[in-house]
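The values are calculated or read from the model by the stated rules, or taken from the named source; none is laboratory data. On a predicted model such as this, the values are computed, not experimentally measured, just so you know. Cβ coordinates were reconstructed from backbone atoms using ideal geometry, including for glycine residues, and neighbour counts include every protein chain displayed.
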Amino acid sequence: MFKKILLATDGSENAFHAAKTAINVAQSTQNATIYIVYVIEFSNAKTDILQNWNSNELDKQRQEKIQSTVELIKASGINYRTRFLRGEPGSALVKYANEGYFDLVIVGNGRKNKLQELLVGSVSHKVAKGATSPVMIVKAQEFNKSRNVSAYFSAKSQ
């Protein structure tokens, strides 16, 4: 059912939890591929360049942020690809998801507090509103334990 899955990651624990969910979804479909996508924010990119003159070192640091996710998916035997994008995470993910015709987009949630989310919005909310394909928002681990809920699924009617 979901052969082409976009997994948004930022290297956080919540994103790693979303990766576990992506594996479960992918295992239910023969020949599924998970596209691991990490967005390099412009504000962070400027700081990174000023602090690290060596672009190879920057690439290595970015690879390290997604390494645990890559290893988890690789160990599961699921096909995967990695992609680094540049820009504001919500917008960049929506654009990539819509241009890539993904069957499912999976994003983690839970990194911001309520005030931060009110002021700047959450990446998962932006993706759910803007992506044309179904979006699965995987809640933070703490939320799952207290409410026994594994994910919120948002499918747009077309």
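What to note about this one:
- Selection within region 1-18: residues that are among the polar types (S, T, N, Q) and crowded, with 20+ Cβ neighbours inside 10 Å. The member of this set that is farthest from Val94 (Cα to Cα) is Asn14.
- Where Phe16 falls short, out of the listed (1) aromatic (Phe, Trp, Tyr); (2) modelled with pLDDT under 90; (3) in a helix (DSSP H, G or I): (2)
- Leading residue by the ranking (surrounded by the fewest Cβ atoms within 10 Å (Cβ to Cβ)) among those in region 20-37 that are touching a residue at least 60 places away in the same chain (Cβ under 8 Å) and in a helix (DSSP H, G or I): Thr21
- Verdict on Glu41 being at pLDDT below 65, of a type in the set (Asp, Glu) and over 17 Å from Phe16 (Cα atoms): no
- Evaluated against (1) modelled with pLDDT under 90; (2) buried (at least 18 other Cβ atoms within 10 Å of the Cβ); (3) more than 13 Å from the chain's Cα centre (by Cα); (4) of a type outside the set (Phe, Trp, Tyr), Asn109 falls short on exactly one condition, (3).
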